[in-house]
Each structure stands twice: as C-alpha cells, then as structure tokens.
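This report concerns only the one structure given below.
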Amino acid sequence: MFIALISLLECCFFRSVLGSDLLIGNLGDGRLCNLFAEHWYRFFQGKESAFDLRIFYPVQNTLAYSDCMLGFGIPYSVLRALGVSMYSAYKWVLIGFHVFGSICLYYLLNSKLKTNALSSFVGLVVFSYSNVYQVKATHTQLFATSLIPGLFLLIFLFFENFEIPAKRRIAGLSCILYVEYLLYTSYYPIFFLIFSLLVFTIITLIVFGREKINLLKYAKEYVNKNWLEVFVYLIVGVILTIPFLKLYLPAMSEFGERSWADVASMLPTLTGFVNVSNQNLFYGKLFSDFSPSEITCGFPLITFLLLLAAIIYYYNKYIQRKSLQPNGIDGAQQRLCLLTAISLTILCIFLLLVVDGKYSLWYIVYLFVPGASAIRACSRFFLFLALPIGMLLAVFTDELYQRFAKKARTFCLAILAILLLFFTFENTLKSPMSYWTVSDRVQFLESVPSPPEDCKVMYVLPDEDNKPTWIYQLDAWEIANKYDLKTINGYSGQFPPGWGLWEVSDEKYQTSVDRWCRDNQITSGIYAYDKATGMWRSHMDEMAYQIGDSVYFDGTQADAHQYFVEGISGTEDEFAWTDGNTARFYAYISADTTSDLIMQINLRMIFNAPQHILVMSEDRVLLDDVIAEVAAPITIYIPAECVQDQSINLTFQFPD
C-alpha cells in the first residue's frame with residue numbers, strides 16, 4: 001500500500017517531466033549539473049581527467065570550482081552505458097534519488113520509529129514533497145539531500161545492533177562510506193548535515209547531562225573497548241577524504257571566503273520562514289511579489305504552526321519529566337530527551353539563520369565554523385531542515401493519535417488523513433520547476449555544424465537575443481562535449497583568476513578572449529562559434545590587424561580596446577584616458593612580415609605637465625621619451641625580430 005501511495009506522490013511531484021521531454025530545473029544549474037554528470041561518464045570512458053573539466057581551458061583542477069557531483073555521475077554513467085541519452089539519463093537519476101530518499105524515510109519512520117502509516121506520510125510530505133524541495137528543484141545538485149534519509153537509517157541500524165558486533169561494524173563502515181559518497185556529491189547538503197549533527201550533539205549532551213547521564217562516558221567506554229573498530233573507521237574516512245582535500249583546499253586558498261554582505265543577502269528574515277513564493281497553490285496570492293528564488297523557500301503556514309506546536313510540546317513535556325535513572329535509562333524517557341534535542345536543534349538553527357538587515361547570529365558561524373564561509377545561499381538550509389522537521393512531525397502526530405485514538409479511533413484517523421491531505425496541497429506549487437527540454441537541446445546541438453578539422457579549442461560569440469550570459473557559457477560546454485573540444489568559456493561556482501570572459505555580449509569580450517589565449521599560450525587551433533550566423537570563425541582571423549589600418553581611441557569608431565588589453569579607460573568623444581601607469585598593446589598581424597614596422601600614436605599631456613613614456617617589447621626598450629606638448633604624435637620603431645608568430649606585444653609605461 002505504501003509503495004502505491006509513494007508512487008502516486010512521486011508522480012504528482014514530477015508531473016511535468018514524466019511522459020514528456022521536459023527536464024528538471026533550468027538552463028542554468030540544471031544544465032550545469034547535467035554537464036558535470038556527463039563529465040564523470042566521459043572520465044569513466046577514459047576521455048577526460050577526473051579533476052579537469054572541458055571548460056576554462058587550459059586551467060586545471062576546475063572540478064574544484066563547484067560541487068564534485070560524483071554521486072550523481074556513477075548511476076548516470078550506468079544509464080549512459082546502457083544507451084540512455086545524456087539529458088534523459090540525468091533526469092532519471094534525479095527521480096531515482098528522490099524515490100530512494102522517500103522510501104528510506106518512510107521505512108525509517110514506519111518500521112524503525114514505529115509511527116503509524118498516516119503519520120509516516122505526514123513526515124514524508126513535509127520533506128520529500130515539500131514546498132521548499134519544489135522551489136529548490138531548479139538547483140538539481142540539492143537532490144543529494146534525498147540521500148540523507150538513507151544515512152539516518154544506517155545510523156539507526158548502528159545503534160539498533162550495538163550489542164551485535166558484526167552487524168554494528170557493517171552499519172558503522174556503511175555510514176563512513178555513505179558520508180564520503182555524500183561528500184563527493186554535493187557540498188551544501190553535507191555541510192548542513194555535519195553542522196546540524198554538531199548542534200544536535202551539543203544539545204543532546206546538555207539535555208542528558210541535566211539528568212546526570214554522561215553520554216561522553218558511554219562513548220569513551222565504547223572507544224576503549226572497540227578501539228580497533230574505531231581506528232578502522234577513522235582510517236577509511238581519512239583515506240577517502242584525502243582526494244577531496246587535495247582537490248578543494250588549493251581552490252579554497254585561491255578564492256578565499258564569500259563576503260559577508262553576499263551571505264547576508266541570502267539569509268531569511270522572520271517572514272522568510274513562511275514565504276513560500278507566489279507559485280504556492282494555497283498561499284501564492286499572499287506572496288504575489290515574490291517569485292521562486294533563494295529566499296522564497298519557507299514552510300507553509302499550517303506546517304510551520306504545527307512545527308512550533310511540536311517544539312513547545314516536547315520542551316514542556318521534557319521540563320515536566322521524571323528524572324532518568326542513571327543505571328537504567330527508560331526507553332520512553334530516552335526517546336523524549338532525543339525528541340527534545342531534535343526540537344531545540346531545529347529552533348537553534350532557525351535563530352542562527354534569521355537576519356535583520358545585515359545582522360544575524362549566522363555571522364558567528366560564518367567566522368568560526370570551518371567551511372561555513374564558503375556557503376553563500378544559506379536559505380538552502382531549509383531543504384535539509386525539512387527532513388528533521390518531517391521526522392519530528394511524524395512522531396508528534398503519531399503521539400497525538402495514540403493519545404486520543406483510544407476514545408475515538410475512527411475520528412482520529414479521519415483527522416490525520418485530512419491533515420495529510422492538507423499538508424500535501426499546501427506544499428504544492430502551481431507549476432513545477434521545469435524550464436528546459438530534451439528536444440530544445442537536441443535541436444540546438446544538431447544546428448551546430450562540425451568545426452574545422454584543426455579546431456582544438458573553441459568559444460562562443462553571442463547572437464542578438466540578449467540572453468543571460470550563463471546561457472552562452474553552457475552552450476559552449478555542450479558544443480565542446482559534442483565535438484570533443486576544449487573551451488575557454490565556462491560556468492561554475494568560481495572562475496579562474498584573470499579569466500574575464502563572463503560578459504559574452506560586452507564590447508571588450510573579443511579582446512578578453514585574445515588576452516586569455518595569449519597569456520595561456522593558446523596559439524593555434526582556436527575557433528569561435530558565432531551563434532548569430534551559425535558559422536565557425538578562426539580566432540586569429542577575427543582579431544587580425546591589417547597593417548596600415550588606423551586604430552581609434554575616440555568617437556563612434558573607437559576600437560582601441562581590441563588591442564589595448566589593459567591600461568586604457570572608457571572611450572570619450574575626443575580621447576581615452578590611460579588607466580594606471582601601465583598599458584599593454586597586443587595585435588595579431590594578418591600576414592607574416594620580415595620588415596621593420598612603424599607605429600604612430602597621438603598622446604597628450606595630463607594637465608599640461610610633461611609626461612615620461614617608456615615603450616618596451618619584452619625587455620627591449622623601443623622608446624624612452626618625455627611628452628612636452630599638449631598633443632604629441634610619437635613614432636615607435638618596431639624591429640622585425642620583435643614580431644613573433646605574427647604578433648606584436650608592447651608595454652607602455654607612464655612612470656610619472
């Protein structure tokens with residue numbers, strides 16, 4: 001029966017993508033994660049290096065710029081090997097993760113925590129089919145959160161079989177391997193999990209400590225008695241974590257932390273806890289100005305009120321409890337302490353997350369908890385919290401049912417069924433988060449002709465549709481995948497230092513491409529795919545300078561930015577300012593030459609003051625002069641040996 005109901009709920013949750021070519025998420029994070037999964041498939045085929053993506057060429061360790069996604073990549077690769085298409089395989093992996101999490105949670109609640117079937121489904125709806133899950137479905141990497149009920153089930157089995165060494169060790173080792181699987185899948189869920197367990201552990205020690213129950217003493221006895229078992233757990237965990245640290249620590253050192261202003265902007269306000277966005281079926285009209293986003297992922301009103309009732313209920317029940325017995329912990333009282341600890345953990349994290357302007361207790365976490373400063377969208381914590389909240393409400397509603405069912409069982413069942421039905425509807429969005437299709441992507445890739453035979457590296461040129469720039473960046477990755485190329489474009493959580501190719505439609509984009517290629521010694525085999533014409537264009541031909549052509553710094557004809565890769569500010573009507581004390585000029589000449597060249601350039605003094613100018617080709621001084629006139633045309637003689645591979649590379653220095 002429960003399988004049938006879960007299947008029905010899954011069909012409702014994925015109603016837009018089942019039986020259609022709609023895909024989960026959007027052309028941003030949805031497609032990005034799909035491409036990460038495809039990377040792992042190609043790695044298993046031996047076509048790509050594990051840590052080096054096709055993007056941001058030739059930068060290495062680019063996998064560290066975002067979530068690892070290996071956990072998605074393994075089942076995805078199996079489907080791909082069986083002949084499932086790239087986009088469909090990823091869709092079915094996401095659905096599979098979600099179904100797996102739903103089954104694990106129901107089994108945990110119903111079979112292990114002994115909640116009745118309806119209450120178990122209450123907990124299931126609050127997590128797996130919640131409003132926050134549907135809003136966050138656009139960030140498909142967060143589907144890894146559905147793996148966590150499986151970990152909770154393993155932890156339960158560890159303690160359930162604590163007195164049976166063989167079963168305990170299997171469960172314990174499985175927990176270690178499972179955590180590592182999560183670690184290599186998505187960073188946000190594993191951070192939220194570890195942080196929540198840390199808070200829960202502290203609160204649990206306090207709650208039991210008030211009863212003179214020293215849990216640390218029991219833990220110490222277990223370690224002393226089973227030190228070899230614990231040592232194996234540690235060794236396995238450390239060995240499996242080393243590649244992760246090797247990959248991500250250099251990136252953390254390189255990019256540092258997120259700014260507090262950036263983090264604070266994505267923390268929830270008090271109203272954010274119930275802001276379910278304008279797409280919610282029940283409450284959408286109350287939040288008409290809030291489309292689904294990072295901060296519109298709260299809990300529906302009745303769900304939130306029932307949560308508050310559960311927290312108050314268990315806290316009051318704990319306050320009024322009888323003392324636990326140090327030499328024989330009563331099971332019911334132990335359960336009460338754990339439920340109280342879960343309630344206070346949820347409340348504590350809520351209080352840490354709430355923001356008032358730029359002030360939030362999360363700032364303490366941001367400063368002192370390792371890894372916290374890398375978390376930008378802290379509101380995604382709500383998706384993880386939906387899991388313990390769902391578990392708490394399942395136990396809470398079951399306890400209420402057991403209390404009143406003795407007098408009116410049928411009536412209580414009816415109330416519980418109505419509550420479950422209402423929870424389902426108040427957690428439903430008007431339209432699921434599905435914004436891209438298989439047919440659209442296939443049609444796009446089929447429209448891209450084969451690149452020239454000597455093409456090894458590519459980038460995209462924009463069309464005239466004024467699309468978001470990440471559309472173009474991911475288009476380049478898809479094209480590179482199709483034709484087994486590298487691309488200097490890219491999209492991820494971080495970007496390489498000095499990259500500067502984000503704004504594809506910017507007038508300096510082509511110059512930035514040229515600078516990137518030159519700085520990284522990409523001298524041949526690079527082509528641009530022009531989305532406007534659907535044609536491939538040689539990068540060198542695109543940037544070639546025709547000897548004798550004028551370069552303009554001013555007016556509507558200004559094109560100096562194509563050649564001065566730094567040191568020249570924005571164009572004005574009659575001139576352009578220098579920017580700083582150094583400017584760099586680079587030009588690729590359309591034809592090879594063995595002759596000396598002459599460059600003439602018009603410079604002006606700043607505020608009628610003489611200006612020292614030094615022009616160099618690498619270490620060779622070509623000009624060392626002082627401009628002493630208001631408008632001074634100067635001549636620079638460029639020996640033929642300074643033209644290397646049809647390229648001129650000059651540095652202008654203005655020491656004064």
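If you go through segment 350-378 and keep only what is assigned to a helix (DSSP H, G or I) and without any contact (Cβ under 8 Å) to a residue 60 or more places away in the chain, you end up with L351, L352, I364, L367, F368. Scanning segment 220-252 for residues that are open to solvent by 50 Å² or more (accessible area, probe 1.4 Å), of a type outside the set (K, R) and over 25 Å from G71 (Cα atoms) yields a total of 6. Among the residues of segment 127-156, those identified as among the aromatic types (F, W, Y), within 23 Å of L420 (Cβ to Cβ) and crowded, with 23+ Cβ neighbours inside 10 Å are F127, Y129, Y133. Are there any pairs with C-beta distances below 6 angstrom linking a residue in segment 3-28 that is at negative phi and among the charged types (D, E, K, R) to a residue that is outside any loop (DSSP other than H, G, I, E, B) and exposed (fewer than 14 other Cβ atoms within 10 Å of the Cβ), with the two at least 6 apart or on different chains, and if so which? As it stands, the answer is D21/S439, since those pairs meet every condition given. Residues of segment 408-420 include none that is of a type outside the set (D, E, K, R), within 30 Å of L124 (Cβ to Cβ) and touching a Lys or Arg at 6+ places or on another chain (Cβ under 7 Å). Just to be sure before I move on: is Q521 open to solvent by 50 Å² or more (accessible area, probe 1.4 Å) and within 24 Å of E254 (Cα to Cα) in the structure I sent? Criteria met by Q521. Is it the case that segment 402-422 has a residue that's under 26 Å from V17 (Cα atoms) and open to solvent by less than 40 Å² (accessible area, probe 1.4 Å)? For segment 402-422, residues under 26 Å from V17 (Cα atoms) and open to solvent by less than 40 Å² (accessible area, probe 1.4 Å): present. In a residue-by-residue description of segment 9-32, the property of being modelled with pLDDT of 95 or more and among the acidic types (D, E) applies to no position.
Can you tell me how many residues within segment 456-468 are more than 28 Å from Q521 (Cβ to Cβ) and either modelled with pLDDT of 95 or more or open to solvent by less than 50 Å² (accessible area, probe 1.4 Å) (or both)?
Kept after step one, since they are more than 28 Å from Q521 (Cβ to Cβ), are these residues of segment 456-468: 463-468.
Narrowing further to those that are either modelled with pLDDT of 95 or more or open to solvent by less than 50 Å² (accessible area, probe 1.4 Å) (or both): 463.
Number satisfying all stated conditions: 1.
For S373, state whether it is closer than 24 Å to R210 by Cα, modelled with pLDDT of 90 or more and of a type outside the set (A, V, I, L, M). Here the answer is no, as S373 does not meet what is asked.
Within segment 64-80, is there a residue that is in contact with a Lys or Arg (Cβ under 8 Å, 6 or more places away or on another chain), open to solvent by less than 10 Å² (accessible area, probe 1.4 Å) and of a type outside the set (A, V, I, L, M)?
No, there is no match, as no residue in segment 64-80 is in contact with a Lys or Arg (Cβ under 8 Å, 6 or more places away or on another chain), open to solvent by less than 10 Å² (accessible area, probe 1.4 Å) and of a type outside the set (A, V, I, L, M).
Identify the residue in segment 486-518 that is small (G, A, S) and free of Cβ contacts under 8 Å to residues at least 60 places away in the same chain and, among all such residues, is surrounded by the fewest Cβ atoms within 10 Å (Cβ to Cβ).
In this case the residue turns out to be G498.
Pairing each residue of segment 86-107 that is closer than 17 Å to I74 by Cα and without any contact (Cβ under 8 Å) to a residue 40 or more places away in the chain with any residue that is buried (at least 20 other Cβ atoms within 10 Å of the Cβ) and among the aliphatic types (A, V, I, L, M), provided the two are 6+ apart or on different chains, yields C-beta distances under 8 Å for W92/L79. For first residues located in segment 54-71 and farther than 13 Å from T185 by Cα, partners that are hydroxyl-bearing (S, T, Y) and assigned to a loop (DSSP other than H, G, I, E, B) and lie 6+ apart or on another chain with Cβ distances below 6 Å form the pairs Y65/S492. Could you please find all residues in segment 618-632 being modelled with pLDDT of 75 or more and touching a strand residue (DSSP E or B) at 6+ places or on another chain (Cβ under 9 Å)? Passing the criteria: E618, V621, L622, L623, D624, D625, V626, I627. Of all the listed residues (L173, L183, L177, L197), the sole one being in contact with a helix residue (DSSP H, G or I) (Cβ under 6 Å, 6 or more places away or on another chain) and at pLDDT 95 or above is L183. Where helices (runs of 4 or more DSSP H) sit wholly within segment 418-527, those with at least 1 residues that are within 20 Å of G28 (Cα to Cα) occupy 438-447, 469-482.
Does Q134 meet the test of being modelled with pLDDT of 95 or more, in a helix (DSSP H, G or I), of a type in the set (S, T, N, Q) and within 23 Å of the chain's Cα centre (by Cα)?
Here the answer is no, as Q134 does not meet what is asked.
Taking segment 66-83 as the range and being in contact with a helix residue (DSSP H, G or I) (Cβ under 7 Å, 6 or more places away or on another chain) and over 29 Å from A251 (Cβ atoms) as the test, only L79 passes. L124 meets the conditions (1) of a type in the set (A, V, I, L, M); (2) over 29 Å from S66 (Cα atoms); (3) open to solvent by 10 Å² or more (accessible area, probe 1.4 Å) in every case but one. The failed one is (3). Here E453, E426, E446 are screened, and the one residue that is more than 25 Å from S88 (Cα to Cα), out of contact with any His (no Cβ under 9 Å at 6 or more places or on another chain) and open to solvent by 80 Å² or more (accessible area, probe 1.4 Å) is E453. Across segment 38-57, the qualifying residues are those that are in a loop (DSSP other than H, G, I, E, B) and farther than 20 Å from K246 by Cβ, and the one among them that is most open to solvent (accessible area, probe 1.4 Å) is K47. L347: without any contact (Cβ under 8 Å) to a residue 40 or more places away in the chain and surrounded by 15 or more Cβ atoms within 10 Å (Cβ to Cβ), yes or no? Considered against the rule, which asks whether it is without any contact (Cβ under 8 Å) to a residue 40 or more places away in the chain and surrounded by 15 or more Cβ atoms within 10 Å (Cβ to Cβ), L347 comes out as yes. For the residues L338, L307, the requirement of being modelled with pLDDT of 95 or more and either at negative phi or part of a helix (DSSP H, G or I) (or both) singles out L307. Of everything in segment 171-184 that is of a type outside the set (S, T, N, Q), closer than 22 Å to Y107 by Cβ and in contact with a Phe, Trp or Tyr (Cβ under 9 Å, 6 or more places away or on another chain), the residue that is most open to solvent (accessible area, probe 1.4 Å) is L173. The requirement of being touching a Gly at 6+ places or on another chain (Cβ under 9 Å), open to solvent by less than 50 Å² (accessible area, probe 1.4 Å) and modelled with pLDDT under 90 is not satisfied by G328.
The values are calculated or read from the model by the stated rules, or taken from the named source; none is laboratory data. Remember, predicted model here, so these are calculated numbers, not experimental data. A quick note on method: Cβ atoms are made from the backbone with ideal geometry, for glycine too, and the neighbour counts reach across all protein chains shown. The area values use the complete protein model at the heavy-atom level, side chains included, leaving out ligands, DNA and RNA. Shrake-Rupley method; radii C 1.70, N 1.55, O 1.52, S 1.80 Å.
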